[in-house]
Amino acid sequence: MFRRLIERLSKPSTPPSSPAVKRTIAFVTNVAQPIQVQPESKFDSELASTRLRVHIPARELAKHTSVWLVPYGELLRDPYLAFLGSATTAVLGKLSAGSVLAQRDLLEGLLAKLSAERSQLSIFADLTDDYRALGKLLNEPIWLAEYQRQLGQVAKLIVCSPGLAVALRNCATRGLHVIDDPFESTTAAEPRAPRDKPLRLLWFGNFAMGVFPFITASLAAIVEQVKHLNVELEFITRMEQVSLVADLEEILLAQNPKLRFRFTAWSLVNTELALERCDIVLLPQEHESDYGRVKSSNRLVSAIRGGRFAVASPIAAYQELEKYAWVNKDLAKGVLWALAHPDQARERIDKGQKYVSVRFSPETIGKQWRDVLGIPPS
């Protein structure tokens, strides 16, 4: 249903000025100086949005055309990006809400220049959050909402999920496109049926005060339902949230005193190792809030690629994968179902891996970027 709606919302991209002219793609992102991208280029970032929506697409596009990473300040200095040539497409990479707030002066200047300039530069902006809803969550509603509104006036919007496309359709005055997140893992792990001796549960993601009440309530409901078992819960997030994680642990232990709680500092390696250790991945998401329902499928895809059964809230992006996991608002029921039906759970994972290996591969997502940006295959 969402896909059909997005097709109606989407507007065609502006085609290249001439079929014979190769477009140069500039991903405007957090780099110190311009960097030309090659298909084999190595990059690193703690931000999933940078890895999944700048680095991987840039490498895929570099197989077909010239691609650069460019600082935001460079685009402010030269809104034509003249050093890259005349046939250039700029993709404004997603910024964290903190960066949008901290760099307000720079971004206001950039938006004003892009609005005033008329050049051959074709501009897109990639978003993975509804800044308007996020601003309300962070009690910073005015500038974040205004930044999003102005982006929709100067750039064609690219979003990471059908839910986000629906949320932003009114501000996307220049066009709107959905491009999914690719998976990062080079190989899929062997699917494994859930076990309960002990039952090892895993949560990983961004954790902050804004999502603390929902995540806490969701996990508390789950650990209460399985307190008759020997249960371990590994919780992976950034080290700077260690104090908030301690508050979460206290609440969960009050709900299930036998629970063994383990905090692990986030890294790609730590997350991969935790997926190997666990039996079930927990993906509670605020499916009824403006902020939560727009999220992409990348964590559920990661769980499936990691060979583990996931129980996930029914946001639009997860519902596409409901045949390969448990996607329902009652996550505790999903954990109990998986333990009672381990072979069926493993079969779902196996089918899911076959599906996501094509649907969310870097090559498939790279083609989505080529189609939206108007880049023919080389």
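The values are calculated or read from the model by the stated rules, or taken from the named source; none is laboratory data. Bear in mind that the values here come from a model prediction, so they are computed numbers and not experimental data. Cβ atoms come from the backbone with ideal geometry, glycine included; neighbour counts cover every protein chain shown.
Observations on the structure shown:
- From GLU74, GLU46, residue being among the acidic types (Asp, Glu) and crowded, with 16+ Cβ neighbours inside 10 Å: GLU74
The rows are residues; the columns are (1) farther than 25 Å from LEU164 by Cβ; (2) more than 19 Å from the chain's Cα centre (by Cα); (3) at pLDDT below 95.
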position: ASP181; (1), (2), (3): no, no, no
position: THR186; (1), (2), (3): yes, no, yes
position: GLU190; (1), (2), (3): yes, yes, no
position: PRO198; (1), (2), (3): yes, yes, no
position: LEU201; (1), (2), (3): yes, yes, no
position: VAL211; (1), (2), (3): no, no, yes
position: GLU234; (1), (2), (3): yes, yes, no
position: THR237; (1), (2), (3): no, no, no
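- Index of the failed condition, ARG4 passing every other in (1) surrounded by fewer than 18 Cβ atoms within 10 Å (Cβ to Cβ); (2) modelled with pLDDT of 95 or more; (3) in a helix (DSSP H, G or I): (2)
- Subset of the range 175-188 (residues that are in contact with a helix residue (DSSP H, G or I) (Cβ under 7 Å, 6 or more places away or on another chain) and buried (at least 17 other Cβ atoms within 10 Å of the Cβ)): LEU176, HIS177, VAL178, ILE179, ASP180, ASP181, PRO182, PHE183, GLU184, ALA188
- Members of the range 221-241 that are assigned to a loop (DSSP other than H, G, I, E, B) and closer than 19 Å to ALA310 by Cβ: VAL226, LEU229
- Long-range neighbours under 7 Å by Cβ, at least six apart or interchain, first residue of a type in the set (Ser, Thr, Tyr) within the range 318-343, second buried (at least 17 other Cβ atoms within 10 Å of the Cβ): TYR318/SER297; TYR318/LEU300; TYR318/ALA312; TYR318/VAL327; TYR324/ILE304; TYR324/ARG348; TYR324/ILE349; TYR324/GLY352
- Residues in the range 362-378 that are part of a loop (DSSP other than H, G, I, E, B) and within 15 Å of LYS156 (Cα to Cα): GLY374 alone.
- Residue that is farthest from VAL159 (Cα to Cα), among those in the range 42-63 that are at pLDDT below 95 and in contact with a helix residue (DSSP H, G or I) (Cβ under 7 Å, 6 or more places away or on another chain): PHE43
- You will find that of LEU61, LEU52, the residue that is within 24 Å of ARG169 (Cα to Cα) and in contact (Cβ under 8 Å) with a residue 60 or more places away in the chain is LEU52 and no other.
So that you can scan it fast, the table gives a plain yes or no per residue for (1) under 30 Å from VAL358 (Cβ atoms); (2) of a type in the set (Phe, Trp, Tyr):
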{"site": "TRP143", "(1), (2)": "no, yes"}
{"site": "GLU146", "(1), (2)": "no, no"}
{"site": "GLN150", "(1), (2)": "no, no"}
{"site": "VAL159", "(1), (2)": "yes, no"}
{"site": "LEU164", "(1), (2)": "yes, no"}
{"site": "ASN170", "(1), (2)": "no, no"}
{"site": "ARG174", "(1), (2)": "no, no"}
{"site": "ASP181", "(1), (2)": "yes, no"}
